[in-house]
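A.B. asks: I have a structure I would like to understand better, so I am pasting it below and will then ask my questions one at a time.
The values are calculated or read from the model by the stated rules, or taken from the named source; none is laboratory data. Since the model is a prediction, treat every value here as computed from it, not as a measurement. All Cβ positions, glycine included, derive from the backbone under ideal geometry; neighbour counts span all protein chains shown. Just the protein is used for accessible areas: all its heavy atoms, side chains included, with ligands, DNA and RNA removed. Shrake-Rupley method; radii C 1.70, N 1.55, O 1.52, S 1.80 Å.
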Amino acid sequence: MINTPAEEPQPPVTAEQDESTEKPEPVFDSFPSCPRLSPDDYTLIERKIEAFYAENLSSENEQSRLTALMMTSFEDEAAMNAWQSFLSEYPRNTDALRETLRLCSMNASHSVCNHQLVHQAEEAGRDDGETWLNLVLFHIEQNNHEAVLASLENMVQAKNYSNHYARFVSRALDSVVAEQVASLEGAVIYAMGKWAAGTYKYNLLKTWCGSMADEPAVASACIAAAKDMVARAPLELEKLIGHDIELDIYTKQGNMAMVDAVREEMEADATPEHPRLADALDLMMHDHALFYTWLNALQQSSEEDAISALIKEAADKSADPSYQPCRTESAPSSASE
C-alpha cells in the first residue's frame, strides 16, 4: 500500500473566481476543420456555375442578366457587345456602367467606349468615389490628361466610396447559392477568383501617376487621390495601392523625408495577422451565417472590421461543443441560418 500525503485544505472559491471559471474566453485553437474541395470537385462546380451564368445571359430579369455578365465577361469583342446591349436597355445601372468603364480601360477602341458612356457614369455615380476611379482609368486609356485630373479631383470630393468587392461577391452568392447550383464554398471561391482577375486596374493608375510624377499638377492630384484611398477605401489592397502611389511619387521627386513618413504610417497602420485567421476564413466557407457575418461587416465598414467580426463569431461558435459547421451535399444549410 502506498501512503499519499494528506491534501492541504484549500480556501473557498470566491464569487469572482467562480464567475470566471463559468464563462471561459473562447478558445481560438479549437476551430473545427472541414474537408476542402478537391481540384476535380471544384472543376465540376466551376462548370456548373459557368453553365448557369451562360443560361442567364439571355434572362429578361435585369439583375440576373447583370450578374451573369459580371461573372462571365472578359475584354473581348463579344463581352463589350454584351455590355453595350445591356446599357442600351438599362442606361442608369451603376454596376453596369462601372464594369463597362473598367473593360474600356483595356479595350478603348470599342464603340461603347464613348462620351455617352462617360456622361451616363458621371450622372449615375456622381457621389461615388469608386465610379470616379473607373472614370480615371477610362481617361488614362484615352490619353485624356485633363479629364484624368478632373476625375481624380471628383473622386476625392465624392461623398461615398463604395465597396465593389463586397457587392460583387454578394451578387454571385445570392444567385448561385439561392438556386442551389453549387455549395457555398464553391460559389465563394469562384466569385473571389473572378474579382481578383480584375484588380489589375489599380496598377494602371499607379503606372500613370509614376510616369508623370515630374509634373506638379499631376503629382499633387495623384497624391491627393492616394491619400483618399488610404483613408476611405474599404479594402486593404486599395489602401496599399494608395501608399505605393505616394512612395513612388515621393521617391521620384527625391523627397526622402516624405518617403520615410509614408513608411512610418504604413507600419503604424499595419494590423498583425491573427494566428487563426486562415482557419476562420476556411470555416466561413461552410457556415452560411458565419460567412454573412463577414460579408455584412465588409459591406457596412471595412475589410479590417469584417475580419475582426469573423474571428470573434468563429471563436464564439467554436466554443460550443455542439457546433457542427461541416455540411454534406445532402444537408445544405440556408443563408438565413
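A.B. asks: Could you name every one of the helices (runs of 4 or more DSSP H) located completely within segment 115-178 that has at least 1 residues being free of Cβ contacts under 8 Å to residues at least 40 places away in the same chain and among the aliphatic types (A, V, I, L, M)?
C.D. replies: Where helices (runs of 4 or more DSSP H) fall fully within segment 115-178 and carry at least 1 residues being free of Cβ contacts under 8 Å to residues at least 40 places away in the same chain and among the aliphatic types (A, V, I, L, M), they are 115-124, 129-141, 145-157.
A.B. asks: Now, a different point. In segment 180-207, what residues are without any contact (Cβ under 8 Å) to a residue 60 or more places away in the chain and closer than 17 Å to L283 by Cα?
C.D. replies: Passing the criteria: only M192.
A.B. asks: Of (1) at pLDDT below 90; (2) polar (S, T, N, Q); (3) open to solvent by 30 Å² or more (accessible area, probe 1.4 Å); (4) within 25 Å of K159 (Cβ to Cβ), S105 satisfies all except one. Which?
C.D. replies: Of everything listed in (1) at pLDDT below 90; (2) polar (S, T, N, Q); (3) open to solvent by 30 Å² or more (accessible area, probe 1.4 Å); (4) within 25 Å of K159 (Cβ to Cβ), S105 misses just condition (3).
A.B. asks: If you check N114, N143, N81, N93, which single one turns out to be on the phi > 0 side of the Ramachandran plot and surrounded by fewer than 21 Cβ atoms within 10 Å (Cβ to Cβ)?
C.D. replies: N143
A.B. asks: If you scan segment 235-274, which residues turn out to be outside any helix (DSSP H, G or I) and either open to solvent by 80 Å² or more (accessible area, probe 1.4 Å) or of a type in the set (G, A, S) (or both)?
C.D. replies: Correct list: Q253, G254, A270, T271, P272, E273.
A.B. asks: Ok, one more. Within segment 204-222, is even one residue among the β-branched types (V, I, T) and open to solvent by less than 20 Å² (accessible area, probe 1.4 Å)?
C.D. replies: Yes: segment 204-222 contains one or more residues that are among the β-branched types (V, I, T) and open to solvent by less than 20 Å² (accessible area, probe 1.4 Å).
A.B. asks: Shifting gears a bit: I'd like the full set of residues that are in contact (Cβ under 8 Å) with a residue 40 or more places away in the chain, of a type in the set (A, V, I, L, M, F, W, C) and surrounded by fewer than 16 Cβ atoms within 10 Å (Cβ to Cβ), limited to segment 275-291.
C.D. replies: The answer is A289, and nothing else.
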